[in-house]
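Chemist: Attaching a single structure in structure tokens format; questions to follow.
The values are calculated or read from the model by the stated rules, or taken from the named source; none is laboratory data. Keep in mind that this is a model prediction, so the values were computed, not measured. Every residue, glycine as well, gets a Cβ built from its backbone with ideal geometry; the counts of neighbours run over all protein chains shown.
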Amino acid sequence: MAQEPQTTHSLPLTARERLAEQIPVLLPMLADAAKAVRARGWDDGQTLSPGATVDVEPAQQLLAMYARAALSAGHPRARVFEDTNLLGRYIWNFLNFELHHRKLFWVDESLAWMLTETRLDIEGRELRLPFPSFALAFADRGTLEVAEACLRRDQSYLRDAPLRIMTVHVTRVPEPEDVVGLELAFFFDDGREGAWPYLVARSLHVRPSDHLERILASRPPGVDVDAIDDIFRSDELGRLVHLVINAILFTTSCEEPWRVLSSPVAGVRAKMVGWGKKRRAEGARLLRESSSEEVYHLPGKIPIAQVRALREARRTGGQMFARFMVRGHWRRAQASWEDQRVRWIEPYWKGPDMATVVEREYVLKK
């Protein structure tokens, strides 16, 4: 019997939804702020430049309200100043996201692994964005383990609970001449009550002739490389940036249309009417923890069980994986082709059946 196509996603709360738990007026403010910006005359090809949110009255009011409330609660002035500035960074990402109609892509476990095993072997001129501002959501354990290892490099991060989701907001920022400026805002969330998603921001500067592998080490002009925190020089953050850039390339190169998945929230709420007490409690938990966002689903083609076996093969040793795993890559379109999008040559396993590998417990050694 054919399997019913998936119609809803299973994502936990995204970064903006989690912050709205702590600041309930956030989402209405974002809607009002977007309305105010559009009223000035707004081109959907634009983005707000960093720092511009202070000129948007609803955002300015929220920041002032937050600062007053924190001072009234007795928090030190220096800490209030720091937290209010941080909140401004969150709002800048979320407001650009709102202005571009909240375009959210869910990269599922299979595709995340396939993109991790794909080389960035093309030039910067091939990097095109699906929208000037959008977000990518990752909730698979493999990606989150890399994110957790990345956070262990940050001395300011003091939590140790497993992450539940990584939401990455991608925003194009103005740059001179032919440079493409990107702000990648990684929001890491472990679901801890009362905590904001943890933000690590990474700026990229891409020129048409730049090899995309090299942009992973790019820095804003004038930044002293020796003065930056260890996390920004870590292999783990580099791997996350690599994954995000590959995901962006995938969104603009895939031939099949993006499939929209709705939130499970409305369906759960409707079903709860006839449920008993125990099931209603479970339903209430799902409502609290599930994202209400509509998403574009980006699926991979390798079955999840095989992906997990391949991930274990990489973790436990290198010889067999290096011998039989053929990494993916990007191929530039020929000048004579009508469709000038880059082509993704997917990674594949050319060795023995993975079920056999796992069953026989191969010992993989470098």
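Conditions tested, residue by residue: (1) outside any helix (DSSP H, G or I); (2) in contact with a Ser or Thr (Cβ under 6 Å, 6 or more places away or on another chain); (3) under 26 Å from Ala137 (Cα atoms); (4) assigned by TED's automatic domain parsing to the domain that holds Ser133.
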| site | (1), (2), (3), (4) |
| --- | --- |
| Leu30 | no, no, yes, yes |
| Ala34 | no, no, yes, yes |
| Arg38 | no, no, no, yes |
| Gly41 | yes, no, no, yes |
| Gln46 | yes, no, yes, yes |
| Ser49 | yes, no, yes, yes |
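Chemist: Need pairs with beta-carbon distance below 7 Å; first residue without any contact (Cβ under 8 Å) to a residue 60 or more places away in the chain and within the stretch 173-186, second not in a strand (DSSP E or B); sequence gap 6+ or separate chains.
Modeler: The qualifying pairs are Asp178/Arg207; Asp178/Pro208; Val179/Arg207; Val180/Gly124; Val180/Leu127; Gly181/Pro174; Gly181/Glu175; Phe186/Leu240.
Chemist: List pairs: first residue in the stretch 114-136 and in the same structural domain as Thr252 (by TED's automatic domain parsing), second residue part of a loop (DSSP other than H, G, I, E, B) and among the acidic types (Asp, Glu) anywhere in the structure, Cβ distance under 8 angstrom, at least six positions apart or on different chains.
Modeler: Met114/Glu346; Thr118/Glu346; Glu123/Asp210; Gly124/Asp210; Pro132/Asp44
Chemist: Can you work out which of the residues in the stretch 130-161 that are modelled with pLDDT of 95 or more and part of a loop (DSSP other than H, G, I, E, B) is farthest from Leu104 (Cα to Cα)?
Modeler: Out of the qualifying residues, it is Asp140.
Chemist: With the requirement that a residue be outside any loop (DSSP other than H, G, I, E, B), of a type outside the set (D, E, K, R) and under 20 Å from the mean Cα position of the chain (by Cα), what does the stretch 13-25 give you?
Modeler: Correct list: Ala15, Leu19, Ala20.
Chemist: When you go through (1) free of Cβ contacts under 8 Å to residues at least 40 places away in the same chain; (2) assigned to a helix (DSSP H, G or I) one by one for His75, which number turns out not to apply?
Modeler: Just one mismatch for His75, condition (2).
Chemist: Can we say Ala59 is part of a helix (DSSP H, G or I) and within 30 Å of Arg308 (Cβ to Cβ)?
Modeler: no
Chemist: Moving on. In the stretch 108-129, which residues are part of a loop (DSSP other than H, G, I, E, B) and aliphatic (A, V, I, L, M)?
Modeler: Result: Leu120, Ile122, Leu127, Leu129.
Chemist: Restricting to the stretch 274-308, give me the number of residues that are within 15 Å of Thr116 (Cβ to Cβ) and in a helix (DSSP H, G or I).
Modeler: 4
Chemist: Still on this model: Out of (1) over 30 Å from Ala322 (Cα atoms); (2) of a type in the set (D, E, K, R); (3) surrounded by 14 or more Cβ atoms within 10 Å (Cβ to Cβ), what's the single condition that is false for Asp121?
Modeler: (1)
Chemist: Which condition number does Arg68 fail, the rest of (1) at pLDDT 95 or above; (2) surrounded by fewer than 18 Cβ atoms within 10 Å (Cβ to Cβ); (3) on the phi > 0 side of the Ramachandran plot being met?
Modeler: (3)
Chemist: I need a count of the residues in the stretch 264-294 that are in contact with a helix residue (DSSP H, G or I) (Cβ under 8 Å, 6 or more places away or on another chain) and of a type in the set (Val, Ile, Thr).
Modeler: 2
Chemist: Could you check how many residues of the stretch 279-316 are β-branched (Val, Ile, Thr) and closer than 19 Å to Thr7 by Cα?
Modeler: Selection size over the stretch 279-316: 2.
Chemist: Tell me yes or no: at least one residue of the stretch 168-179 is over 23 Å from Arg341 (Cβ atoms), of a type outside the set (Asp, Glu) and either buried (at least 17 other Cβ atoms within 10 Å of the Cβ) or in contact with a Lys or Arg (Cβ under 9 Å, 6 or more places away or on another chain) (or both).
Modeler: yes
Chemist: Report yes if some residue within the stretch 124-136 is farther than 26 Å from Cys254 by Cα and surrounded by fewer than 20 Cβ atoms within 10 Å (Cβ to Cβ); otherwise report no.
Modeler: No.
Chemist: Quick one: count up the residues across the stretch 246-288 that are over 20 Å from Thr14 (Cα atoms) and of a type in the set (Val, Ile, Thr).
Modeler: 2
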